[in-house]
1. Any chance you could count how many residues in the range 95-110 are of a type in the set (S, T, Y) and in contact (Cβ under 8 Å) with a residue 24 or more places away in the chain?
2. Scan the range 39-54 residue by residue and report those that are open to solvent by 10 Å² or more (accessible area, probe 1.4 Å) and either among the basic types (K, R) or farther than 15 Å from N113 by Cα (or both).
3. Given the criterion exposed (fewer than 14 other Cβ atoms within 10 Å of the Cβ) and either over 16 Å from Y143 (Cβ atoms) or without any contact (Cβ under 8 Å) to a residue 60 or more places away in the chain (or both), identify the matching residue among N64, N57, N113.
4. Under 8 Å between Cβ atoms, which residue pairs at least 6 apart in sequence (or on different chains) link something in the range 70-94 that is without any contact (Cβ under 8 Å) to a residue 40 or more places away in the chain with a partner that is of a type in the set (S, T, N, Q) and open to solvent by less than 60 Å² (accessible area, probe 1.4 Å)?
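The values are calculated or read from the model by the stated rules, or taken from the named source; none is laboratory data. Quick caveat, the model's predicted, so the values are computed rather than measured. Here the Cβ positions follow ideal geometry from the backbone for every residue, glycine too, while neighbour counts run over all protein chains shown. With ligands, DNA and RNA removed, areas are computed over all heavy atoms of the protein, side chains included. Shrake-Rupley method; radii C 1.70, N 1.55, O 1.52, S 1.80 Å.
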Amino acid sequence: MRRLLALIGMSLAFATAQADDRMQHGDWSSQFQDGMGEASTHENGASMFGMLCADGNCRYYFANGIACEAGSNYPLMVTTAAGALAFDAICEPMDTANGEVMLYWFNESQRLNEAFGQSSSVGFAFPLTDGQFKTSKFSMSGYEQAVERMVNGMRAKREAEANPDSSDRT
């Protein structure tokens, strides 16, 4: 229960930090905070899935309320319209307004981007120690629009930093 509250707290921290920047895209949202861009969706407050971009790099994350050891790899299986994809995710902490939350991070790739973009929903299967799996299912309605807004916003920010407005110079 404590993990679920932290997960919900993280969602609320992102959602309320800069509410003016947050935009809804179907079941996904996009927003900007502290030099980062995020596109994300939630499964009834039980799990989250999204992409976070900062410093020119983007990574997907998945959170399901299950504790993990920082720096350790964990296997994930994702079902998409393009088929099932298996990969390792690394457990890393993320600081939020409500404290540290452990997330499972995995790298963006063309293969994943295409599979997610072709899917109306995706499912995650997370293996548990007792031979069972915890599953999560996410709607992909609005995924492409949320990611596009977030990536374009981050690109514009980098370009503005690299090319300061010459009208400010005298």
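1. Step one: filter the range 95-110 for residues of a type in the set (S, T, Y), giving 96, 104, 109.
Remaining after also requiring in contact (Cβ under 8 Å) with a residue 24 or more places away in the chain: 96, 104.
Residues meeting the conditions: 2.
2. H42, E43, N44, G45, A46, A54 - these are the residues of the range 39-54 that are open to solvent by 10 Å² or more (accessible area, probe 1.4 Å) and either among the basic types (K, R) or farther than 15 Å from N113 by Cα (or both).
3. N57
4. A81/S119; A82/S119; I90/S72; C91/S72
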